[in-house]
Amino acid sequence: MCAIGAAAGVWLYSQLLPVVDFLDDGQRDEVVASTALGVLMFLALLGTGIWNLAARRTWAIAPLVTAVIVSGGSFVFSVINAIDLAISMERRPIFWAAWVYLGLVILAVGLLRLKPTPVVSYPRPPGY
């Protein structure tokens, strides 16, 4: 997902760079903030993916819970972004990224449900 997001970001900003000179200060600030949030989302997805790969054969559920939270947040942000683009550019929104993030949420929840709970056996007290 990080590779797709990085490729989409590079393409988007390559389309935006020629018109940056024509933007006013408020619009430039919005572009900078949007870019910063995109980079943070990319890093969060990358870190979560690496953590899940490293912990895939363990009992730990924290990486999968983090994947659900990060993917869910990415889903919400992608829907908001698509609606914002539809309003500002007056075009039909494209929700492909939202579908991919929703798929990641469903996959992480499914894997979380399949993760076995550890069985802890306690020693019997004397006399039993």
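Structure above, values below:
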| quantity | calculated |
| --- | --- |
| The chain - accessible surface per residue (Å², probe 1.4 Å) | 77 Å² |
| For the chain, with +1 on Lys and Arg beta carbons and -1 on Asp and Glu, the positive-most of Ser121, Ile83, Ile61 along the dipole | Ser121 |
| Förster radius 35 Å - calculated FRET efficiency between Asp84 and Thr58 (Cβ-Cβ, nearest 0.05) | 0.35 |
| Helix 96-114 axis, angle to the chain major axis (alpha carbon atoms, nearest 10°) | 0 degrees |
| Per-residue HN-Hα couplings for the range 66-82 [Karplus 6.51, -1.76, 1.60; θ = phi - 60°; Hz; x = Gly/Pro] | 4, 4, 5, 5, 5, 5, x, x, 5, 4, 4, 5, 5, 5, 4, 5, 5 |
| Within the chain, helix-based [θ] at 222 nm, where runs of 4 or more DSSP H residues each add -39,500 (n - 2.57), nearest 500 | -25000 deg cm²/dmol |
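The values are calculated or read from the model by the stated rules, or taken from the named source; none is laboratory data. Because the structure is a prediction, the values reported are computed rather than measured. Ideal geometry is used to build each Cβ from the backbone, glycine not excepted, and the neighbour counts take in all protein chains shown. Keep in mind that these areas ignore ligands, DNA and RNA; they rest on the heavy atoms of the full protein, side chains included. Shrake-Rupley method; radii C 1.70, N 1.55, O 1.52, S 1.80 Å.
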